[in-house]
Each structure stands twice: as structure tokens, then as C-alpha cells.
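Shown next, in C-alpha cells, is the structure this report addresses.
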There are 2 protein chains.
Amino acid sequence: MHPQQITIAVDAMGGDKAPSAAVRGAVDAARDLEVKVVLVGREQDIERELEGLDPDPDKVSIVHAPDVVTMSDAPTVVFRKKRDASIMIAFSLAKEKKVHGVVSAGNSGATMASAVFTLGMVPGLDRPAIAGCLPTPCGFTMVIDIGANIKCKPHQLFQFGIMGDVYLRHIDGIKRPRVGLLSIGEEDTKGNELVKLVHHMLKDSPLNFVGNVEGRDVFSGAVDLVVCDGFVGNVLLKVSEGLGGALFDMIENEVQKLPSGRQGFETIQPAFLEAKKRIDYEEVGGAPLLGINGVGIIGHGASTPKAIKNAVRVAQEMVIKRVEYFLAEGIKEYENVIKSLAFTIP
Amino acid sequence: MHPQQITIAVDAMGGDKAPSAAVRGAVDAARDLEVKVVLVGREQDIERELEGLDPDPDKVSIVHAPDVVTMSDAPTVVFRKKRDASIMIAFSLAKEKKVHGVVSAGNSGATMASAVFTLGMVPGLDRPAIAGCLPTPCGFTMVIDIGANIKCKPHQLFQFGIMGDVYLRHIDGIKRPRVGLLSIGEEDTKGNELVKLVHHMLKDSPLNFVGNVEGRDVFSGAVDLVVCDGFVGNVLLKVSEGLGGALFDMIENEVQKLPSGRQGFETIQPAFLEAKKRIDYEEVGGAPLLGINGVGIIGHGASTPKAIKNAVRVAQEMVIKRVEYFLAEGIKEYENVIKSLAFTIP
């Protein structure tokens with residue numbers, strides 16, 4: 001599909017800085033990215049935010065949604081009480097083929113629940129998972145799940161490994177992705193009960209499983225894919241964010257103490273900013289929710305307009321790359337393995 | 001106690017680079033730190049490593065232990081099969097007051113089991129936990145547990161909060177430590193079952209509980225203490241290590257691309273190294289195992305001689321600061337809270 005033909009729904013009410021950041025980011029995306037956006041949320045609020053932004057009427061439209069999911073709502077609120085929430089309406093538009101993908105920086109549990117409820121899952125899969133890419137000195141490592149599933153059953157974690165493998169092969173062209181299972185030691189006796197069970201599933205599977213890996217391996221480039229539950233993955237993601245920022249501050253603090261530090265720092269500042277960019281969530285924008293029958297991008301809760309714009313860019317890429325089609329095709333190859341494990345494991 | 005009067009047992013067989021790194025590190029500590037060390041392990045192996053190191057015979061001695069715990073041994077192996085392992089003998093020396101503390105870079109589960117079995121717990125506490133200090137731009141944040149308890153009950157996690165609070169107040173002089181519970185969102189509805197239960201325990205306690213915190217808050221200085229289970233804490237620790245190293249590499253890579261980068265980099269290199277030092281486990285050396293009736297320091301599995309030497313330094317400091325005495329005294333203040341929770345929670 002040509003980029004210009006793609007329309008992305010943006011949950012205008014999702015994120016700590018909504019609706020302002022979501023609306024601005026969507027308008028910027030429509031202007032800079034050759035994409036159409038549909039802002040979904042309270043019409044009045046959206047219109048107020050649009051004032052002065054001068055959006056292109058051919059590329060930016062509004063679909064009204066009376067309800068809003070808050071960050072403290074339980075994920076199930078979307079079917080129990082808030083069927084008219086912006087995130088539900090956004091996925092309904094995708095279901096009706098009025099948009100090609102959805103971006104939300106709101107409550108990620110509710111986003112996942114809305115996606116599954118409205119679009120359904122790729123056949124054979126149990127639960128969706130969020131796939132995040134973390135930088136290594138020479139590329140990146142995909143980590144799945146970074147926050148969708150707080151509690152996972154072993155066969156679900158195994159399926160995340162399958163999804164990641166399929167994605168990396170079909171979308172990123174990595175021939176035989178090296179898959180690691182996040183634990184606290186390389187030995188297969190190390191880890192919690194979940195990890196020990198999943199270790200054996202991965203070991204006996206056709207995946208290129210290299211064994212347990214530790215937190216440090218995420219950034220070393222030793223593997224292409226790290227599998228973990230959404231609680232641990234989310235901690236990992238946010239630790240990286242926090243440490244990244246803190247380290248740059250520490251280096252700057254130390255530089256200030258040097259007699260000629262300021263000058264030296266100015267010389268290397270472009271390099272510094274380039275490295276900083278690689279770990280900046282605003283640049284990344286959002287991470288795909290894999291496993292759903294469609295394109296859903298989860299943005300950071302603290303998303304700025306720039307982050308939302310980049311999340312729209314990610315959604316557009318996913319549509320162009322036909323992620324859901326390739327995921328469904330790839331999963332078929334593993335159909336038998338998935339079935340055998342789904343039925344034998346409690 | 002005067003530093004010179006302190007004797008520390010070093011598990012010569014513990015760590016990926018044992019016995020070489022452990023023996024060298026212990027000899028360096030005895031030479032540079034005004035401390036005596038006892039090397040515990042296979043006498044022949046230790047003697048071979050000591051050749052050419054010229055240790056001071058008044059400050060370095062050997063206690064033979066025929067058995068060795070490997071990294072893949074289950075923690076309980078020390079009571080079931082390996083009572084004569086180096087780590088068990090090391091803690092027996094502490095029990096007999098022949099040494100004041102123990103350092104091991106070996107299997108941390110087995111080290112914990114040996115410590116509890118031999119020395120016992122501070123009265124009132126259930127399980128020990130490892131307290132690690134992670135750097136912030138202006139100081140550090142203590143994280144407890146960073147690896148001793150893979151699976152925790154809610155009241156145990158609560159007790160880790162108590163231990164951390166007591167340590168920070170009595171040893172580090174922080175008047176009213178701000179305590180955070182590691183989760184994946186600040187809202188008290190966010191997190192896994194364990195976190196949700198512990199949240200309420202901490203909220204109702206006399207601790208200065210600020211609520212749930214996220215991975216990024218570990219490095220921001222927003223709290224003094226972060227409470228989490230040992231699986232998540234260990235992932236957090238190793239992610240920090242890995243990202244720290246990777247970020248410095250990324251900055252260096254980017255600097256190489258600049259025309260005058262090399263020169264600018266040399267100007268600020270001292271600052272760079274200073275910042276690097278702050279996240280370097282070799283400098284930190286080891287982390288205390290809090291809650292046991294004595295001093296036990298857990299070193300990194302990959303400990304170099306420098307790391308072992310610094311772990312001996314940490315053990316010496318813990319002895320000087322009378323950590324076990326203050327911990328026992330501090331825990332008394334919370335006796336009633338601990339008791340009420342230990343009995344009411346499954």
C-alpha cells in the first residue's frame with residue numbers, strides 16, 4: 001500500500017499529556033509523513049486543541065467518542081463499562097476498515113483489551129504482547145513482552161518467542177534470529193518457575209534458542225530477541241530509560257568539574273546527542289502490539305507530540321510491511337508446536 | 001572495632017574466575033586495606049594461586065574446605081550434600097567468631113542458604129535479602145532484593161522494606177528514607193498480585209512510603225529505597241550494568257565519526273571515566289546480605305581481583321559499622337507490625 005493511502009486512528013484521550021500532545025502529534029504526522037489521521041475522542045476537547053494548529057482538512061478528521069479510559073481503570077473496564085471510550089471506538093474503526101491502524105499512549109492494558117475484543121487475535125495465538133526494540137552498539141535487540149501481560153502462563157510466554165521470531169524473520173529479514181529467555185543466570189536451573197518451564201519449551205522447539213540470558217545481554221547484541229513477561233519487560237524498559245538519562249547527566253556533571261571540560265564537551269556534543277537519540281522514547285515513538293488481527297501501536301504514557309508523531313510513523317510502517325499478514329503466515333509454520341504446548345501445559 | 005583487628009573469610013572457590021580472582025583479590029585486600037583475610041577452599045588450589053603473590057603470612061591464611069558449590073547447584077545442596085563446601089566452612093568460621101564477615105562471589109542462592117543455616121536470622125525476620133546501591137546523579141538509591149529471593153511472599157517483601165529503612169537510617173544516617181515499591185505504573189491498581197498486596201502493607205505501615213515507583217525512578221533520586229523481589233531486582237541490576245557499558249560504547253562510536261572527535265574526547269575522558277566508575281561493579285565490589293546474624297557480602301559472579309578486594313572492603317565497613325547490631329535493634333521498633341503481617345497474610 002502506498003504511504004499516502006494509509007489512515008491511522010490516534011486515541012486523542014490517551015497519555016498523561018492528552019489530549020494536547022496526542023492532537024499536536026497527530027497533526028504533525030499528517031503534515032510531515034504523508035499519512036492521514038483520525039483523531040478519536042471528545043469532539044469539543046479535540047477541536048479546542050486544534051485551534052491555531054491549522055490542520056489540513058483532507059488529512060486530519062475527528063471521530064467523536066464520549067468516554068475516556070483513565071490510567072487507573074482496570075483493562076476490563078472497556079467491555080464492562082466504557083464501550084464508547086476513545087480507544088474502543090478507535091479499534092472499531094480499524095475493524096470496519098475505516099482506518100489501517102491505531103495509536104494510543106493511554107492505559108496499555110485497556111488498549112490491549114480493546115484490540116483483542118474488537119479485532120481478535122491472529123489464529124493460533126492466545127494473547128498479544130508488546131515488542132520493544134532496545135539499542136545495542138551495533139543495532140538493536142527486540143524484547144517481548146514489554147508491558148501487555150503482567151501475569152503469563154508458560155505457553156503464552158512461549159508464543160511470544162514465536163511471534164518475535166516470525167516478526168524478525170519476515171519483517172526485519174533476520175534469517176535465523178537468536179532467541180534468549182530472560183533470567184537471572186545462564187544455567188537452565190536458574191530462574192523462577194515460569195522461566196524454568198518456558199526454558200524447556202523453547203529448547204525443544206524449532207526456534208534458534210540460545211538459552212537463558214541476563215539483563216546485560218539485552219544491550220550486548222548477543223541475541224536478537226529476548227523473551228520475558230510483561231512485568232519484568234516493563235521494568236527493564238523503564239530502567240533503561242532512567243539509567244540512560246541519569247548517565248548522560250552524570251557525564252555532564254563530571255565534565256563541568258574539568259578545567260577545559262566545557263570546551264571539550266562542545267566538540268563532542270553532536271556525538272553525545274546522537275547516542276542520546278538512540279535510547280530516546282520520543283524518537284522511537286511506540287511499540288507494536290503483536291498478535292492482534294491488525295495494527296496497534298502502544299505509545300509511552302508520557303508521550304510528547306514528537307513521540308505521538310513517531311508512533312504514527314511506526315503504525316504506517318507496520319501497515320506498509322503488512323505485519324499482520326506475515327505474522328499470521330509465519331504462525332502457521334509453528335501451528336503444531338503451539339497446539340501441542342497449549343494443551344499439555346497447565 | 002579497629003580496622004586492623006578485622007578478619008574476613010573469602011570463599012576462594014566462588015565466582016566464574018575462582019580460585020584465581022578470589023585469591024588475588026584477597027591478597028590485594030590484605031596488603032592495601034589493613035584487614036586480615038582467611039582464604040577458604042581447596043588448600044592445594046589456593047596454595048598454587050598464592051605462588052608468586054608473596055602474601056603477608058600474618059595477614060593471609062588458609063582454611064581447607066574439600067567441597068565446592070557450583071553455579072548450577074540448587075541452594076539446598078549445602079545442607080543436603082555439601083556441608084564441607086567452602087561457603088559453608090566460611091560461615092562456620094563466622095559462627096565460631098574466628099572471622100568477622102564472609103565474602104563470596106559464588107552461587108548466591110547457596111551463599112544465602114549457608115548463611116541462614118549457619119548464622120541464623122536477625123530475630124523477627126523471615127528471609128535475608130541483598131541490598132544493592134545504584135547511582136543517581138546526586139547520590140544513590142538502595143534496591144532490595146537484588147537476587148537472593150526468586151520467589152517472595154508478600155510479608156517477606158514487606159520485611160525487605162523494613163530492613164532497607166533500618167539500614168538507611170542507622171547506617172547511612174538518612175532521617176526518614178523515602179520508600180518506593182517497584183511496579184509498572186504509579187497507580188496502586190498497577191502491578192502483579194504480589195505488588196498489589198505489598199502496596200497496602202507498606203501504605204499502612206510506619207514507613208515513609210511514597211507509593212509505587214517505576215524502573216526509571218531508581219536512577220532519578222526520587223526515593224532512597226526501592227523494594228522488589230529478587231528476580232526483578234536482579235534483572236534490574238544486570239540491565240543497568242549492560243546498558244551502562246553499551247551507552248559508553250555508543251558515545252565512543254559516535255565520537256569516532258566526528259572530524260575533531262578524538263581530540264574533544266581526550267579532553268573530557270577523565271570525566272567519562274569518573275562517570276563510568278560510578279556504575280562499575282568492580283568498584284562496588286559486593287552487596288550486603290541483610291537479615292542474617294552476621295556479615296555476608298555477595299560479590300558479582302564475574303568478580304575480578306579488584307572486585308573481590310572491594311567486596312572485602314565492604315565487609316570490613318559493615319563490621320566497623322556494626323550492621324547486624326543496628327539491624328537487630330532497628331527491627332525491634334517494627335516488631336509488632338512485622339508480627340501482625342506475618343500471621344495474617346497467606
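Just one of the listed residues (A:G294, A:G285) is more than 14 Å from chain B (Cβ to nearest Cβ) and in contact with an Asp or Glu (Cβ under 8 Å, 6 or more places away or on another chain), and it is A:G294.
Annotation: B:S260 fulfils all but one of (1) at the interface with another protein chain (Cβ under 10 Å from one of its Cβ atoms); (2) on the phi > 0 side of the Ramachandran plot; the unmet one is (2).
For the range B:292-342, the tally of residues that are closer than 23 Å to B:M71 by Cβ, buried (at least 24 other Cβ atoms within 10 Å of the Cβ) and not aliphatic (A, V, I, L, M) stands at 5.
Do we have any residue at all in the range B:122-138 that's away from every other protein chain (no Cβ under 14 Å), touching a helix residue (DSSP H, G or I) at 6+ places or on another chain (Cβ under 6 Å) and either acidic (D, E) or in a helix (DSSP H, G or I) (or both)? Yes, the conditions are met somewhere in the range B:122-138. Among B:V198, B:V166, which is under 30 Å from A:G245 (Cβ atoms) and in contact with a Leu (Cβ under 9 Å, 6 or more places away or on another chain)? One residue alone meets the criteria, B:V198.
Any idea which residue in the range B:116-156 is surrounded by the fewest Cβ atoms within 10 Å (Cβ to Cβ), counting only those that are among the polar types (S, T, N, Q) and in contact with a Ser or Thr (Cβ under 9 Å, 6 or more places away or on another chain)? Here the residue is B:T136. Here's a check for you: in the range B:19-28, which residue that is in contact with a Gly (Cβ under 9 Å, 6 or more places away or on another chain) and within 16 Å of B:N310 (Cβ to Cβ) is surrounded by the fewest Cβ atoms within 10 Å (Cβ to Cβ)? Of everything passing the filter in the range B:19-28, B:A21 is surrounded by the fewest Cβ atoms within 10 Å (Cβ to Cβ).
Of the helices (runs of 4 or more DSSP H) lying entirely inside the range A:259-346, those containing at least 3 residues that are out of contact with any helix residue (DSSP H, G or I) (no Cβ under 7 Å at 6 or more places or on another chain) and under 28 Å from A:L157 (Cα atoms) are A:305-320, A:323-333, A:335-344.
A quick yes/no check of all residues on (1) exposed (fewer than 15 other Cβ atoms within 10 Å of the Cβ); (2) under 20 Å from the mean Cα position of the chain (by Cα); (3) not hydrophobic (A, V, I, L, M, F, W, C):
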| position | (1), (2), (3) |
| --- | --- |
| B:K17 | no, yes, yes |
| B:A30 | no, no, no |
| B:E51 | yes, no, yes |
| B:P55 | no, no, yes |
| B:V69 | no, yes, no |
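Among the residues making up the range A:252-292, those that are in contact with a Gly (Cβ under 9 Å, 6 or more places away or on another chain) and among the polar types (S, T, N, Q) are A:Q263, A:T267, A:Q269. Report, by residue number, each residue of the range B:263-275 that is facing another protein chain (nearest Cβ under 7 Å) and among the hydrophobic types (A, V, I, L, M, F, W, C). Within the range B:263-275, B:F265, B:I268, B:A271, B:F272, B:A275 meet the criteria. Does A:L168 satisfy the criteria of being under 29 Å from B:L182 (Cα atoms) and either modelled with pLDDT of 90 or more or not hydroxyl-bearing (S, T, Y) (or both)? Considered against the rule, which asks whether it is under 29 Å from B:L182 (Cα atoms) and either modelled with pLDDT of 90 or more or not hydroxyl-bearing (S, T, Y) (or both), A:L168 comes out as no. Can you spot a residue in the range B:150-164 that is farther than 27 Å from B:Y325 by Cβ and polar (S, T, N, Q)? No - not one qualifying residue is present in the range B:150-164. If you filter the range A:229-272 down to residues that are at pLDDT below 80 and among the aliphatic types (A, V, I, L, M), you find that the one that is farthest from B:N253 (Cα to Cα) is A:L258.
The values are calculated or read from the model by the stated rules, or taken from the named source; none is laboratory data. Computed from a predicted structure; not experimentally measured. So basically every Cβ, Gly included, is an ideal-geometry build from the backbone, and we count neighbours across all protein chains shown.
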